[in-house]
Amino acid sequence: MGILKRCSGQLFAGLLVLSAVTGCTVNPVTGESQFTIMSPAQEVSIGAKQYGPSQQSQGGQYIVDPDLTVYVNSVGQKLASVSERPDLPYEFVVLNNDVPNAWALPGGKIALNRGLLVQLKDEAQLAAVLGHEVVHAAARHSAQQMTQSMLLGVGSQLATIAGNQTQYGQLVGMGAQMGSALYQARYGRGQELEADRYGMLYMARAGYEPEAAIELQETFVRLAEGKQSNWLEGMFASHPPSPQRVAENRIHASKLTSGVRNKSAFNRAMNQVRADQNAYAKNTEAVKAANNKDFDLALSLVAKARALQPKEPLFLVTQGQLQLQQKHYKSALNSFHSAHKLYPEYYMPLLGSGIAAKQLKSYSRAIEDLTASNHILPNQSATFYLGEIQLAKGQKQEAIGYFRQAAQGGGDLGKRSQAYLQQLAPPATAPATQNSYRNQ
């Protein structure tokens, strides 16, 4: 009766918005009743569709040492195999992002940032992070969060724009966070404790030391107390730590079997990314200098980063952005082209190259690169500049189409798009817009 009553109350709330819902389901991990309007097949489909855009919007994959992702995936698959949903199409990738964070999409699509990996001490701590995310996928937590958002009217689109911070200068929003916002889900306290508890259970099942999870949580609490901004925008935003949470999890960990740490294997896998930490620090300093309008210092710092690790496309993208800001368009084009050769699957080099080519009036090249960037990750910047190119070519109707799309994103480019539309199309014929883009 308790389960029926719980689902009936949730269903009543859902029916205020949806006419037909069959959302009373069983949590595959705990066996308890929960509410979601998404089927397991839909979960898998959504996760698969949003995995690529979510990676792109968070910096793309870390490619300097591909073996690191192979290693992380192997650890993740061990944990997934002992979960209650081992048949989900689990994937684990390392993203080229300084922010210490990890996230899981529905269907077992999981990502871990380079910025979090460098904070870990051994494979057991890595297993603690990945086990926690596996639980979020296995227990259908993302599906629950999406259901709540849809019922509350927070968002009706499954693919949304995450809208993270921009960097600087002409490429306002070059780093537009387009794709799924699911990785930023704010899980409830119960879901977090559930992911902690069963994540440690998965660690024990896979032979890892559960105490590593407690150590990691204690580290998070210390960092949260110190209010370190990099952490506050990462793990703390979606996985808030607390001493009470640590205490509860210590009780669960004490009941589990001890296991291995595999510190040597972890150190071998982390050798390259640790060796490059100074290079990434230089790039971070370069971005800070650019935000302070000291572009000469920024270029000097990114040059040092490139000298330390010439295979990193991120540094070339930063260099290209700086050169665009200084209106050194040919140099910027070369920088973005070099970044594209290193990482052809990443949208940012194509976007930057397209903007540089547009400034040089190399319209064919600009259209090709901007269109390719938009194909990988639809973004307001590429759409807006495609509109300007079509306008310059005298293709009024094509330009109007692009500006209408870009206007939906709001922000500076949205306002500029609206201004073009006021000139090109009568206001009465301009359609109402809905936010399919957000300010970049």
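Worth pointing out:
- Taking each residue of region 378-399 that is on the phi < 0 side of the Ramachandran plot and looking for partners that are among the β-branched types (Val, Ile, Thr) and surrounded by fewer than 18 Cβ atoms within 10 Å (Cβ to Cβ) with beta-carbon atoms closer than 8 Å, six or more apart or interchain, yields 381/172; 382/371; 386/371.
- Flag for residue 305 being in contact with a Leu (Cβ under 7 Å, 6 or more places away or on another chain), within 21 Å of residue 348 (Cβ to Cβ) and modelled with pLDDT of 95 or more: no
- Residues of region 83-93 that are within 17 Å of residue 66 (Cα to Cα) and surrounded by 24 or more Cβ atoms within 10 Å (Cβ to Cβ): 92 alone.
- Cβ-Cβ distances below 6 Å connect no pair with a first residue in region 250-261 that is outside the structural domain of residue 202 (by TED's automatic domain parsing), a second residue that is in a loop (DSSP other than H, G, I, E, B) and at pLDDT 95 or above, and a separation of six or more residues or different chains.
- For region 402-440, filtering for residues that are surrounded by 19 or more Cβ atoms within 10 Å (Cβ to Cβ), at pLDDT 95 or above and of a type in the set (Lys, Arg) leaves 1.
- Some residue of region 274-289 being assigned to a helix (DSSP H, G or I), over 30 Å from residue 127 (Cβ atoms) and aromatic (Phe, Trp, Tyr): no
- In the set 115, 131, only one residue is crowded, with 24+ Cβ neighbours inside 10 Å and not hydroxyl-bearing (Ser, Thr, Tyr); that residue is 131.
- Filter result (more than 14 Å from residue 251 (Cα to Cα) and hydrophobic (A, V, I, L, M, F, W, C)) within region 191-211: 195, 203, 204, 206
Residue by residue, here is whether (1) in the same structural domain as residue 350 (by TED's automatic domain parsing); (2) modelled with pLDDT under 95; (3) over 20 Å from residue 339 (Cβ atoms); (4) part of a loop (DSSP other than H, G, I, E, B) holds:
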{"site": "88", "(1), (2), (3), (4)": "no, no, yes, yes"}
{"site": "94", "(1), (2), (3), (4)": "no, no, no, no"}
{"site": "103", "(1), (2), (3), (4)": "no, yes, yes, no"}
{"site": "116", "(1), (2), (3), (4)": "no, yes, yes, no"}
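Table: residues versus (1) surrounded by 19 or more Cβ atoms within 10 Å (Cβ to Cβ); (2) of a type outside the set (Phe, Trp, Tyr).
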residue: 308; (1), (2): no, yes
residue: 313; (1), (2): yes, yes
residue: 317; (1), (2): yes, yes
residue: 321; (1), (2): yes, yes
residue: 326; (1), (2): no, yes
residue: 333; (1), (2): yes, yes
residue: 343; (1), (2): yes, no
residue: 378; (1), (2): yes, yes
residue: 390; (1), (2): yes, yes
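- Near pairs, Cβ below 8 angstrom, 6+ apart or cross-chain, from region 126-142 (closer than 18 Å to residue 241 by Cβ and β-branched (Val, Ile, Thr)) to any residue that is modelled with pLDDT of 95 or more and part of a loop (DSSP other than H, G, I, E, B): 129/120; 135/83
The values are calculated or read from the model by the stated rules, or taken from the named source; none is laboratory data. All of these numbers come straight from a predicted model, not from anything done at the bench. Methodologically, a virtual Cβ is constructed for each residue, glycine included, from the backbone with ideal geometry; neighbour enumeration extends over all protein chains shown.
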